[in-house]
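Colleague: Please see the structure below; I have some questions.
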Amino acid sequence: MKNSHLTPLAVGDQKLTRKLGWFEAGLVNVGMIIGTGIFSNPAYILTYSGSTGLSLVLWIIGFFVALSGAWAFTELGTTFPRSGGLKEYLKQIYPKPRMLLEALFSVSSVVLGSASIANALITFGTYVNYAVYGANYANDYGSRLWAFGAITVLILINIFSGKAALRLNSGLTLYKMCLLLFLIICGLVAIGGGFKNVEVPGLVANINFNGATNAGSLANGIYYVMFVYGGYANVNTVLDELHDPLKNLPRAAGFGIFSTFVLYFLANLAYFAVLTPKEISGSGLTVAATYFSKLFGGVFGTRFLPLVIALSPLGYSLSVTYTHSRLILETARDGLLPFGSYIGWVEPRTNSPIFSLALVWTFTTVFLFAPPPGSVFTFIVSFSGYAANIFGLLAVVGIFIYRRAAPDALRPIRIHWVAGVIYIVFTAYQLIFSFVPPLSNSTTYPYYLPDLCSILLLFVVSVFWYFQVIVWNVPQRSYNAKLAELNPDGGFDEIYGSGVDQPEIGSKDTQAIKDDLA
């Protein structure tokens, strides 16, 4: 049975063209997965786990949870093959209260997605500072200025050519994978004694389970591991731009999660072979820069390679900027944002959602400069991730709810219940035990503050939802509501393969929708 109740596909010059194959889609996922985390988060994961051995265990646990999540979101994406990702899944699985969960996720993500981009670009700026001014130079606002310049350039690229943005994303993602391979090879050479003038501890001496931790610390450690794996469902947000999503989404998801796990685990072994636990914990955001500086020293190790690493969070930001702007576009077209007719508009000449991209730039800039100097990185990671975990948990629980509610719905992929339980249990563990005080708190703010701010944001969004949906009933006058009236088929024969075409550009129905948006 076709899932014909889905949000209808856009038509005419407001439709984003399908330009992604499975490999490019896989790189959209990998581009988000390999971002700042593997070059920065090992320090935090080691601190919270208490030992090198347990930190490796957390990386393995994180992989299986992420694999379960990728499997679950592949079922969701092939059951509801529409752009928007979680927005669409929550809308279909939890229709009552009307559009509440969809609005809570979508509107909060306008803020949280930009926070994630800001977080990555601050890391980018930190590495640029490291490369230009040296390891001992610290200028928080200097890093933010580099980040501001970067987000401005990325937004302009996306505005003028979505295809160029995707090509650049593919190039930067392949570059990041090669960078990790280089990091791993350097570790192997170091173990074999290839760096004669560098004293390295080696894996045997470094990997042990000596250290103290507790439930709260482990929850924070798993949280940072899952942040590093985050992105395995990034392409779900842009399924309207993926050729044959029912076939290509599973291929993209599998390629993304398995390739990154292999690179991540070997990279951690390389870190532990070259750096002592003290060096890793004390490196903060620049673990990889410390690693290369120790091995190579000189200008190459302390200036050139950190600049090379800086391109990784830049690539992450490009990938997320592309998909996040599409989420904002779909949110506006559902009538869940003010000025939705503008924000939900696609510039026909470039096939880009220019006002959605402008909103990404605005909120990212706010997050770059509004937080005070200090532990801004850890705050944004926790702030942007806690709410995402809540909605991810609801979506995976919703898989089993929807199976009972619509047993005949088309499901090309079905997650095994054991994998679903793994994801649900570990996600719930993070949500609950992140409020347990960790043994050590390396931040300047209370450990619970980012999570509490995420919850407060959801409360604020719920008030907005009440007026936008219940009082003013804006979604009833939205682009998607009009599209559903004018094109009842929804355009989904394009996906399910019945051979029925969507309305041609310039047809009466398509033109009416265009005129309304204008």
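Colleague: Among 188, 174, 154, 121, which is the only one that is under 22 Å from the mean Cα position of the chain (by Cα) and modelled with pLDDT under 95?
Modeller: Of the residues listed, the single one that is under 22 Å from the mean Cα position of the chain (by Cα) and modelled with pLDDT under 95 is 121.
Colleague: Out of (1) assigned to a helix (DSSP H, G or I); (2) open to solvent by 30 Å² or more (accessible area, probe 1.4 Å), what's the single condition that is false for residue 115?
Modeller: Condition (2) is where residue 115 drops out.
Colleague: Separate question: Spot the failing condition for residue 405; the list is (1) within 25 Å of residue 225 (Cβ to Cβ); (2) surrounded by fewer than 22 Cβ atoms within 10 Å (Cβ to Cβ); (3) not aromatic (Phe, Trp, Tyr), and only one is missed.
Modeller: (1)
Colleague: Helices (runs of 4 or more DSSP H) wholly in region 122-238 with at least 3 residues that are surrounded by 15 or more Cβ atoms within 10 Å (Cβ to Cβ) and in contact with a Gly (Cβ under 6 Å, 6 or more places away or on another chain) - which ones?
Modeller: Correct list: 140-160, 162-191, 215-229.
Colleague: Further question on the same structure: Residues that are among the polar types (S, T, N, Q) and farther than 21 Å from residue 152 by Cα: find the helices (runs of 4 or more DSSP H) completely inside region 343-458 holding 1 or more of those.
Modeller: Of the helices (runs of 4 or more DSSP H) lying wholly inside region 343-458, those with at least 1 residues that are among the polar types (S, T, N, Q) and farther than 21 Å from residue 152 by Cα span 376-405, 417-433.
Colleague: Spot the failing condition for residue 84; the list is (1) in contact (Cβ under 8 Å) with a residue 40 or more places away in the chain; (2) part of a loop (DSSP other than H, G, I, E, B); (3) out of contact with any Leu (no Cβ under 7 Å at 6 or more places or on another chain); (4) over 26 Å from residue 288 (Cα atoms), and only one is missed.
Modeller: With (1) in contact (Cβ under 8 Å) with a residue 40 or more places away in the chain; (2) part of a loop (DSSP other than H, G, I, E, B); (3) out of contact with any Leu (no Cβ under 7 Å at 6 or more places or on another chain); (4) over 26 Å from residue 288 (Cα atoms) applied to residue 84, the lone miss is (3).
Colleague: Taking region 96-112 as the search range and keeping residues that are assigned to a loop (DSSP other than H, G, I, E, B) and either among the charged types (D, E, K, R) or farther than 30 Å from residue 476 by Cα (or both), which one is least open to solvent (accessible area, probe 1.4 Å)?
Modeller: Looking at the filtered set, the residue picked out is 98.
Colleague: Residues that are over 25 Å from residue 152 (Cα atoms), free of Cβ contacts under 8 Å to residues at least 40 places away in the same chain and not acidic (Asp, Glu): which helices (runs of 4 or more DSSP H) entirely in region 266-336 hold 1 or more of them?
Modeller: 277-281, 287-296
Colleague: Turning to a different aspect of this structure: Is it the case that some residue within region 343-364 is open to solvent by 60 Å² or more (accessible area, probe 1.4 Å) and polar (S, T, N, Q)?
Modeller: Among the residues of region 343-364, at least one is open to solvent by 60 Å² or more (accessible area, probe 1.4 Å) and polar (S, T, N, Q), which makes the answer yes.
Colleague: Residues 418, 463, 425, 436: which one is within 18 Å of residue 64 (Cβ to Cβ), open to solvent by 30 Å² or more (accessible area, probe 1.4 Å) and more than 24 Å from the chain's Cα centre (by Cα)?
Modeller: 418
Colleague: A follow-up question, please. State yes or no: is residue 205 small (Gly, Ala, Ser) and without any contact (Cβ under 8 Å) to a residue 40 or more places away in the chain?
Modeller: It is true that residue 205 is small (Gly, Ala, Ser) and without any contact (Cβ under 8 Å) to a residue 40 or more places away in the chain.
Colleague: For the condition in contact (Cβ under 8 Å) with a residue 60 or more places away in the chain, closer than 30 Å to residue 134 by Cβ and within 17 Å of the chain's Cα centre (by Cα), what is the one hit in 379, 383?
Modeller: Result of the check over 379, 383: 379.
Colleague: Something else: Please enumerate the residues belonging to region 28-48 that are small (Gly, Ala, Ser) and over 10 Å from the mean Cα position of the chain (by Cα).
Modeller: Selection gives 37, 40, 43.
The values are calculated or read from the model by the stated rules, or taken from the named source; none is laboratory data. The structure displayed is predicted, hence computed values, not measured ones. Methodologically, a virtual Cβ is constructed for each residue, glycine included, from the backbone with ideal geometry; neighbour enumeration extends over all protein chains shown. The area values use the complete protein model at the heavy-atom level, side chains included, leaving out ligands, DNA and RNA. Shrake-Rupley method; radii C 1.70, N 1.55, O 1.52, S 1.80 Å.
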